[in-house]
1. Determine which single condition V197 fails, assuming it passes every other condition in (1) at pLDDT 95 or above; (2) of a type in the set (A, V, I, L, M, F, W, C); (3) over 18 Å from the mean Cα position of the chain (by Cα).
2. Taking the stated definitions as given, is Q68 within 16 Å of the chain's Cα centre (by Cα) and more than 28 Å from R201 (Cα to Cα)?
3. Would you point out which residue out of L30, L41, L84, L92 is modelled with pLDDT of 90 or more and more than 30 Å from Q125 (Cβ to Cβ)?
4. Any residue at all in the stretch 149-164 that's within 22 Å of D131 (Cα to Cα), in contact with a His (Cβ under 9 Å, 6 or more places away or on another chain) and assigned to a helix (DSSP H, G or I)?
5. Checking the structure you have, find out if any residue of the stretch 227-236 is surrounded by 13 or more Cβ atoms within 10 Å (Cβ to Cβ), at pLDDT below 95 and touching a Phe, Trp or Tyr at 6+ places or on another chain (Cβ under 6 Å).
6. Does any residue in the stretch 131-157 that is of a type in the set (S, T, N, Q) come within less than 7 Å, Cβ to Cβ, of a residue that is assigned to a helix (DSSP H, G or I) six or more places away or on a different chain, and which pairs are these?
7. Residues that are outside any loop (DSSP other than H, G, I, E, B), hydrophobic (A, V, I, L, M, F, W, C), within 27 Å of L143 (Cα to Cα) and in the same structural domain as L224 (by TED's automatic domain parsing): does the stretch 176-193 have at least one?
8. Can you go through A93, A107 and tell me which one is over 15 Å from the mean Cα position of the chain (by Cα) and in the same structural domain as D214 (by TED's automatic domain parsing)?
Amino acid sequence: MSDKDKRIGRQSAENTKQTRKDIIDAATQLFCQQGYANVSLRAISEQAGVSHGLIRHHFGTKFQVWQQVCDRIEAYFHQFVSSLTQEFSPELASNERLFYVIINLQAVLMLDPRPIQLMADSMGQDAQMHDYIFEDDDELARLIAQMLEQCHQEGIARQLALKELEWLCCSSANSFVSLAPLAKNTYPGVSFQQVQVNHWRLFARSICGLLALDFKMIPEIDSLASFVAKSQFITDFGDNFDCENV
C-alpha cells in the first residue's frame, strides 16, 4: 500500500470516528432534553448534520443509538472513578476511598444533569431500557462493589448494600436536577453555584454518617466544577459543567 493510500485510509477512519461522535453527541442531547419516546432518528440526523441512512449504517435502530449513549456515559464514569483511585494515597483508609469516590460522582451528576435525565426518562419506558441502565455487572458497579466490600471486611458499614448506595447517589442528584428552583428557595440570597455546593455538602454529610467518618472529611470547596476539575481525567462528555444551561 502506498503512502498516499495509507494517508487516505487514516483520514477515512478519522472521519468515521468523528461522524459517530457527532451522532452520539446529538442523540445524547435530544434523548436527555426531550425523552426517548419523543426523539426520532430523523431528528438525530438533523441535529448531527448527517443523513438518516448514515445513522442506520453506523448504529442500526434508535434503541441501539440509545444503548451507545448509555455505554459512553458508563465508560466515562468508570474511567473517571479509575482515575480518582489511581490518585489516592496508599495510606487512605478504605472508607475514605469510597467516600471520595461517591462525593466526586455526586458532584459530576449535579454539574451535568444528562446522565440523571437519561436515567429518569428510562423509568417511563420499556423495562428493557431500565434493566440496561441498571445492570449489575457493569465495570463501574463492580469497582464500587469491591470498595464497599473492603469496608465490610473491616467492619465498616456492614449494613449498607451496593443498591442502597446507588439509590442515595441517584435520588440525591435527581432531586437537585428536577427540583432546582426549590433548592434555590432553600438557600436564598446565594448564587446557584453556592446552592450546588450546599446540596452537595448535605449529601456528603449523609455519606459520612454511613461510612463512620467525621464531617471534617468533607472538602472545603468554592464550586463543584473546581472540585471535580482536580481530577486528571476530564473528557468531552464531562467538560460541560453548566447545570442551568444544559
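The values are calculated or read from the model by the stated rules, or taken from the named source; none is laboratory data. These figures come from a predicted structure and were not determined experimentally. With ideal geometry, Cβ positions are generated from the backbone for all residues, glycine too; neighbour counts draw on all protein chains shown.
1. Among (1) at pLDDT 95 or above; (2) of a type in the set (A, V, I, L, M, F, W, C); (3) over 18 Å from the mean Cα position of the chain (by Cα), the lone unmet condition for V197 is (3).
2. Spelling it out, Q68 is indeed within 16 Å of the chain's Cα centre (by Cα) and more than 28 Å from R201 (Cα to Cα).
3. Checking each option against the conditions leaves just L92.
4. Scanning the stretch 149-164 turns up no residue that is within 22 Å of D131 (Cα to Cα), in contact with a His (Cβ under 9 Å, 6 or more places away or on another chain) and assigned to a helix (DSSP H, G or I).
5. yes
6. Q150/S94
7. yes
8. A93
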